[in-house]
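Step one of this worksheet: look at the structure below.
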Amino acid sequence: MGSKVEYVDSSHIYATNYLRNSKAIGVLWGIFTICYAIIVVVAFLTPEWMGDTSDSEYPGRFGLWKMCFYGGSSEECLGWLGDPSSVPGLFFKLASALAAFSILLAAATILAIPLFLFLPSTTLFKTSAWLQTVSGVALIGSVGVYPMAWDGELIRRTCGESAGRYALGDCSLRWAYILAAIACLDAFILATLAFILATRHIKLQPEPIYTTNGSLYKGEVNGGFMGDGHSIAGSRKSLNLHPVLLMPQPGDMDRYSEFSNRTGRSKSSVYRPDYASSMQNFQL
C-alpha cells in the first residue's frame with residue numbers, strides 16, 4: 001500500500017500551536033494561583049510582619065492578629081484567631097479581616113480550577129480574574145491599614161515612643177510584610193493573565209472551496225503534480241511562459257528528431273546541408 005501524504009494549511013498549524021500554548025499557560029496560571037494562596041496564608045498566620053531591633057528595650061514581634069513578647073526564657077503571645085476580641089487594636093482587627101477575606105477569595109479561585117473540565121473556560125477565566133482582582137485589592141488594604149496600628153501602647157513598648165502611624169521607631173519590617181506586598185502584585189498579574197486567556201479566541205477558518213473536478217487547491221499549484229486539464233498560467237504570475245511547438249516542414253521526410261541536440265557535426269553533415277530548413281518554429 002502506498003503512503004498517504006497530507007498537506008496541512010499554515011493557518012491550521014498556527015491554530016494548533018495556539019491551542020497547545022494556551023493550555024500550557026492555563027496550567028501555569030493554575031499552579032501560580034495555588035502558590036499565591038499559600039503565600040497569603042503564610043503571611044496571615046505568622047507574627048513576623050514587624051519586630052524589634054538591637055535598639056529595642058523590650059524584644060517582641062508582631063503579626064496581623066498575634067503579638068509575641070520575650071520575657072526571660074519564655075515567649076508570651078497575645079491574640080487568638082478564634083476570638084477576634086483578643087486582637088488588640090482596631091486597625092489590627094481591620095487588617096486581619098481584609099487579609100482573611102483575601103484568603104477566602106483565593107481559595108474560591110482554587111476551587112474553581114476543577115470546573116474547567118466541565119464548564120466553558122471563558123466564563124471560568126473571567127470569574128477567576130475578578131476573584132483574584134478583588135483578592136488583591138483586599139490584600140492591598142490589609143498591607144496599607146496595618147501601619148496605622150503602630151501607635152498602640154504595646155507597639156510603643158517595644159518600638160519606643162517615636163513609633164506611630166507609618167513610623168516604625170526602633171522596630172523594623174520583617175519578611176512576612178514584604179511577602180504580603182509581593183503577593184499583592186502577584187494577584188494582579190494572575191488576574192491580568194486570566195482576562196487574556198478568557199478574551200483571546202481562535203478565528204474560525206472559512207470552509208475550503210473545491211473545484212468542479214473535486215480537487216482542492218490552496219495557494220499556488222505545484223506544476224509537477226498537475227493534470228492535463230490544469231494550467232499554471234494563473235498560479236505563477238511572475239513567469240511569462242509561452243508554449244512553443246516545433247512543427248516539421250511539409251515534404252521533408254528525412255529529418256532529425258525534435259528532441260535531438262544540435263551539434264557542429266550535424267550542421268556540416270553531407271547528408272543534411274541545411275539543418276535550419278528542416279523545421280520551423282510556430283509560437284502558439
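Quick notes on this one:
- Restricting attention to the stretch 44-59 and to residues that are open to solvent by less than 70 Å² (accessible area, probe 1.4 Å), of a type outside the set (S, T, N, Q) and modelled with pLDDT under 90, the residue that is nearest to G164 (Cα to Cα) turns out to be D52.
- Those residues of the stretch 147-190 which are of a type in the set (G, A, S) and under 24 Å from A106 (Cα atoms), in sequence order: A176, A180, A181, A183, A187
- Scanning the stretch 147-166 for residues that are in contact with a helix residue (DSSP H, G or I) (Cβ under 7 Å, 6 or more places away or on another chain), farther than 17 Å from W65 by Cβ and hydrophobic (A, V, I, L, M, F, W, C) gives a single hit, A163.
- In the stretch 89-140, the residue that is farthest from I189 (Cα to Cα) out of those that are modelled with pLDDT of 95 or more, open to solvent by 20 Å² or more (accessible area, probe 1.4 Å) and touching a Leu at 6+ places or on another chain (Cβ under 8 Å) is L98.
- Residue in the stretch 90-110 that is over 18 Å from I182 (Cα atoms), among the β-branched types (V, I, T) and under 38 Å from the mean Cα position of the chain (by Cα) present: yes
- Taken residue by residue, the stretch 63-84 has at least one member that is in a helix (DSSP H, G or I) and modelled with pLDDT under 85.
- Within the stretch 141-178, the residues that satisfy the criterion of being touching an Asp or Glu at 6+ places or on another chain (Cβ under 9 Å), open to solvent by 20 Å² or more (accessible area, probe 1.4 Å), on the phi < 0 side of the Ramachandran plot and touching a residue at least 12 places away in the same chain (Cβ under 8 Å) are R157, R165, A167, D170, S172, R174, W175, Y177.
- Cross-chain or 6+ apart pairs with Cβ under 9 Å, the stretch 70-84 first and under 17 Å from C159 (Cβ atoms), then assigned to a strand (DSSP E or B) and among the small types (G, A, S): Y70/G60
The values are calculated or read from the model by the stated rules, or taken from the named source; none is laboratory data. What you see is a predicted model, and the numbers here were worked out from it, not measured in a lab. Cβ coordinates were reconstructed from backbone atoms using ideal geometry, including for glycine residues, and neighbour counts include every protein chain displayed. Areas reflect the complete protein model, heavy atoms only, side chains present, ligands, DNA and RNA absent. Shrake-Rupley method; radii C 1.70, N 1.55, O 1.52, S 1.80 Å.
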